[in-house]
Amino acid sequence: MVLKESFSKIEWGLAGLVLTSPLALRFAQYLEHQPTLCPLQRFAGVPCPSCGGTRAAFYLWGADPIQALKSNAGVTLLIVTLAGLFAAGKLNVFAESNAHFSDTHLASRRVAR
Ligand SMILES: [Zn+2]
């Protein structure tokens, strides 16, 4: 077996997600038996739209999409949508935040003046 000499950030990230997946699932199951931190749920007894979102995220990370949907369908669909956009290259979270200082942009500003 030949190992690649260098891995990209995305490959390291995916490897980390897969390797820590059993821990994420265990943590989601642990959260099922903890009291809620949501103020609305605690004082009014009514769940807010994001209630169960943390468990949903950890169930997804732990590769249990059914439990994720049962915990909070909205958060589950949001995460799946964002992951799909990222996979399709429509959402680049690794883009430089100071891109407006790039050489090409500065050159275009010089031309505009
Ligand atoms: Zn809540």
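What follows draws every value from the coordinates through simple rules; no lab data is involved. This structure is a prediction, so every number in the text was calculated from the model and none was measured. No Cβ is skipped: glycine too gets one built from the backbone with ideal geometry, and neighbour counts run over all protein chains shown.
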* Structure fact -> For the pair Ala63 and Gln41, the simple spin-label estimate (label points 7 Å beyond Cα toward Cβ) gives in nm 2.7
* To do: Considering the options Ile79, Leu19, Thr54, tell which one lies farthest towards the positive end of the dipole of the range 1-83, charges being +1 on Lys and Arg and -1 on Asp and Glu at the Cβ, about the Cα centre.
  => Thr54
* Structure fact -> Quick calc: nm separation of the 7 Å Cα→Cβ label points for Leu82 and Cys48 -> 1.7
